[in-house]
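One structure below.
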Amino acid sequence: MTTRVTLITLLIATTAAGTLPARAATDSSRPQGHLGAVLELDGDFGGDDIARVFYTNGTTQTIKAGQGITGAVGLHYQLATLPLDVAVTAGYKYVTTRASNANIYLDRIEIKAVGTYELPNHCWVDAGPVWHAGTRLHGAGYLPNISFDDAIGATVGFGWRWIGIAYTNIHYSSPLTGNVDASNVGVTLAWKF
């Protein structure tokens, strides 16, 4: 899986790099470089099962390692001479269960640095490293509390204007669980000011 993500990232980077001189030379109306704020909201799905909750009505719910909603803020810089934007964001990723008598959840801090290459018609592709820190499953006395080691992974995505689809390859580990695949696919909403 890691080899495939590396190849996809290299393909995107090679394609983007091959078109940079032509795009920069033809777009003389580009404004000067711009530093601004970023607001981002992600909904991610996937990863290995790390917990299953059984309810008294006979239903179950599974928490997946890559699952969660992330709210993030950060800064971005739009280069003046290239259709390239570099952004760094810090966010909080959270997923919980529907249990009414216990607060069972998985949370983490997510730091992301991505380069976004602008394509025609307001489309874009992006790629970069991601770091998850403080990843912890809170069992509320029903499950063991699990603290995972910090993890570094990679993300790639594409989109149109402020909405996109992203794939993140990342793995967590802890003495209790061993290696856990937290890779995920998600929908990203990002506003750059």
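Read-outs throughout are calculated quantities, based only on the coordinates presented, and are distinct from any laboratory measurement. Keep in mind that this is a model prediction, so the values were computed, not measured. Note that we place each Cβ from the backbone using ideal geometry, even for glycine, and neighbour counts take in every protein chain shown.
If a/c stays under 1.5 just call it rounded; otherwise compare a/b with b/c (prolate if a/b is bigger, oblate if not). Do that for the stretch 47-97, with a ≥ b ≥ c from the square roots of the Cα gyration tensor eigenvalues. Walk me through the intermediate numbers first.
Values: a/c = 5.74, a/b = 3.82, b/c = 1.50.
Prolate.
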Among R136, R98, which comes first, second and so on when ranked by fewest other beta-carbon atoms within 10 Å? R98, R136
Just how far, in whole angstrom, is the stretch 119-148 from the stretch 156-193 if you go by their alpha carbon centroids? 6 Å
Among the lysines, which have Cα under 22 Å from the Cα of K192 when same-chain residues fewer than 8 positions away are ignored? K93, K112
HN-Hα couplings for the stretch 37-51 via Karplus (6.51, -1.76, 1.60; θ = phi - 60°), in whole Hz with x for Gly/Pro, come out as 8, 10, 10, 9, 9, 10, x, 10, 9, x, x, 5, 5, 10, 7
What ³J(HN,Hα) values, in whole Hz, does the Karplus curve 6.51 cos²θ - 1.76 cosθ + 1.60 give for the stretch 105-113 when θ = phi - 60°, with x put for Gly and Pro? 7, 10, 9, 6, 9, 10, 10, 9, 10
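Provide Y94, Y167, Y172 in ascending order of the number of other Cβ atoms located within 10 Å of each residue's Cβ, fewest first.
Numbers: Y94 14, Y167 19, Y172 26.
The most exposed by this proxy come first: Y94, Y167, Y172.
R0 = 41 Å: FRET efficiency of N57 with N121, Cβ-based, nearest 0.05?
0.25
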Return the distance in nm (one decimal) between the two label points of a simple spin-label model at A113 and T96, each offset 7 Å from Cα along Cα→Cβ. 3.3 nm
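Using 0.36 nm times the number of residues separating V73 and W162, minus their current alpha carbon distance, what extension gain do you get? Please report the intermediate quantities before stating the final value.
Numbers: separation 89, 0.36 × 89 = 32.04 nm, distance 1.45 nm.
Roughly 30.6 nm would be gained on extension.
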In nanometres, what is the gap between the two model label sites at L35 and D48, each 7 Å from Cα along Cα-to-Cβ? 4.2 nm
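Using a 10 Å cut-off around each Cβ, can you sort H76, H34 from fewest to most neighbouring Cβ atoms?
Working: H76 19, H34 13.
With the fewest neighbours first, H76, H34 line up as H34, H76.
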